[in-house]
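Report on one structure; see the data block that follows.
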């Protein structure tokens, strides 16, 4: 995911939570957020894969896009 | 008895001397206050010291003892991490947001210690809201064994105070290792009890499904005495367990001969510094010499602890702090603020995936503990980091908190009791902790192992050179 896209995404998520951050803060948060993305993809596959169709929760695949 | 020996008495020994009339609570309390006055400018272990009030309480406890009162901790000076509510005494949680917060009630554990007769010396320094990063208003607590290093977190003030002879015991809280980690770095005993065994009522939360309260002490017996005073059901804590455990201090003298201990091999490897591994394996060898049977055990999910615990901590902490984060973000330290904001970006499916995996981890540990009485691995894979090491890093391999939580977070996720005890020192003289994990409600076995281990250890009374 490009950094611009990641920055936009986290800005939107924070907005939903009622939180406002500057562009610089959002870029920094996006970097940290990316750090967790791999771990969380792995968790979804391990924890949810047995009861849910795996493609639905495979964030690195094209199916992750709405 | 020298001033230093007086300050470093164990709680058990101090109680015996109090009973024999050979020392007074006022003398014990003065010894601690004198050391705080002398040392704490360097250590930064306390946020609030209750000089006059502590001495008045000590004199009162001496009078009660003369009147025949034999409450279990009567006259023992202790400290509380500054997130336990203390009626009429400022309780900051290491934050600017609560800098002037004076509770109108006591936390349940504050009250239980008071009922047991303990004398409160003061409130100890901690990482901001127990998250893992110090707030600049309070600064980081230094490690008594080497002042250029941290005491660890988040209960670093409690650990440093006990290790430095500035409190006979203390309480801390533990969401991902915040009792055991500073206990290991400061060379003392730290117990995270079974989830629900000790009330969190009146304790500023970090993540409610992971938060635990427990003691820090210089010996296992002292930890048991503190634990027995605070454990038990509390209807004011919705997660409090109604199941009664047995008092732990009474069974400490039973030998550990024949106990079966599972050695979690992966956690002797993951990020483990060679000097830590040597000390930890020396500790395991001592357990074997004491008659314990040690065999390797595999925990399939041991490599997923950090990945599992972080979305839970982040989401729950952000939920709790959301209003402050919106209204006063500038009052948080930069690192805490960033972590809280990251918590707002945790997706529901990731939180639920973590909770689901957590259930499997619990089942896995329960299964292992049908074959073993306890599991063992280094409390932390590293020695105490240098000051200012706690920062959010862009890589997990460079993030100290991530490295730490991968070793201590397992027991927070599963709710099993876990204890850190000093197993030795590196060549540089830094203490190393060995962690024991036990069956649900079986803190007694962990304390018993730690007690026997401490009795047999080559340097049980080694103190930092301050």
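The values are calculated or read from the model by the stated rules, or taken from the named source; none is laboratory data. This is a predicted model, so every value here is computed, not measured. All Cβ positions, even for glycine, are placed from backbone atoms using ideal geometry, and neighbour counts span all protein chains on display.
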- Task: Filter region A:18-34 down to residues that are within 10 Å of chain B (Cβ to nearest Cβ) and surrounded by fewer than 18 Cβ atoms within 10 Å (Cβ to Cβ) and give me whichever is modelled with the lowest pLDDT.
- Result: A:34
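Matching residues to (1) under 22 Å from residue B:328 (Cβ atoms); (2) modelled with pLDDT under 95; (3) part of a strand (DSSP E or B):
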position: B:38; (1), (2), (3): no, no, no
position: B:56; (1), (2), (3): no, no, no
position: B:59; (1), (2), (3): no, no, no
position: B:62; (1), (2), (3): no, no, no
position: B:74; (1), (2), (3): no, no, no
position: B:91; (1), (2), (3): yes, no, no
position: B:102; (1), (2), (3): yes, no, no
position: B:120; (1), (2), (3): no, no, yes
position: B:134; (1), (2), (3): yes, no, no
- Lone unmet requirement of (1) closer than 30 Å to residue B:139 by Cα; (2) surrounded by fewer than 17 Cβ atoms within 10 Å (Cβ to Cβ); (3) at the interface with another protein chain (Cβ under 9 Å from one of its Cβ atoms) for residue B:314: (2)
- Task: Within region B:248-265, count every residue that is touching a residue at least 40 places away in the same chain (Cβ under 8 Å) and either farther than 20 Å from residue B:445 by Cα or surrounded by 15 or more Cβ atoms within 10 Å (Cβ to Cβ) (or both).
- Result: 9
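For (1) within 24 Å of the chain's Cα centre (by Cα); (2) under 30 Å from residue B:262 (Cα atoms); (3) away from every other protein chain (no Cβ under 13 Å), each residue gets a yes or a no:
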residue: B:287; (1), (2), (3): yes, yes, yes
residue: B:291; (1), (2), (3): no, yes, yes
residue: B:298; (1), (2), (3): no, yes, yes
residue: B:326; (1), (2), (3): no, no, no
residue: B:331; (1), (2), (3): no, no, yes
- Task: Return yes or no: is residue B:413 in a helix (DSSP H, G or I), closer than 25 Å to residue B:356 by Cα and out of contact with any helix residue (DSSP H, G or I) (no Cβ under 7 Å at 6 or more places or on another chain)?
- Result: no
- Selection status of residue B:408, farther than 20 Å from residue B:175 by Cα, more than 8 Å from chain A (Cβ to nearest Cβ) and assigned to a helix (DSSP H, G or I): no
- Working only within region B:326-336, note down all residues that are in a helix (DSSP H, G or I) and surrounded by fewer than 24 Cβ atoms within 10 Å (Cβ to Cβ). B:326, B:327, B:329, B:330, B:331, B:334, B:335
- Filter region B:359-404 down to the residues that are part of a loop (DSSP other than H, G, I, E, B) and without any contact (Cβ under 8 Å) to a residue 40 or more places away in the chain, then identify the one that is nearest to residue B:421 (Cα to Cα). B:399
- Tell me, please, whether a residue that is away from every other protein chain (no Cβ under 11 Å), part of a helix (DSSP H, G or I) and either at positive phi or buried (at least 20 other Cβ atoms within 10 Å of the Cβ) (or both) can be found in region B:344-352. no
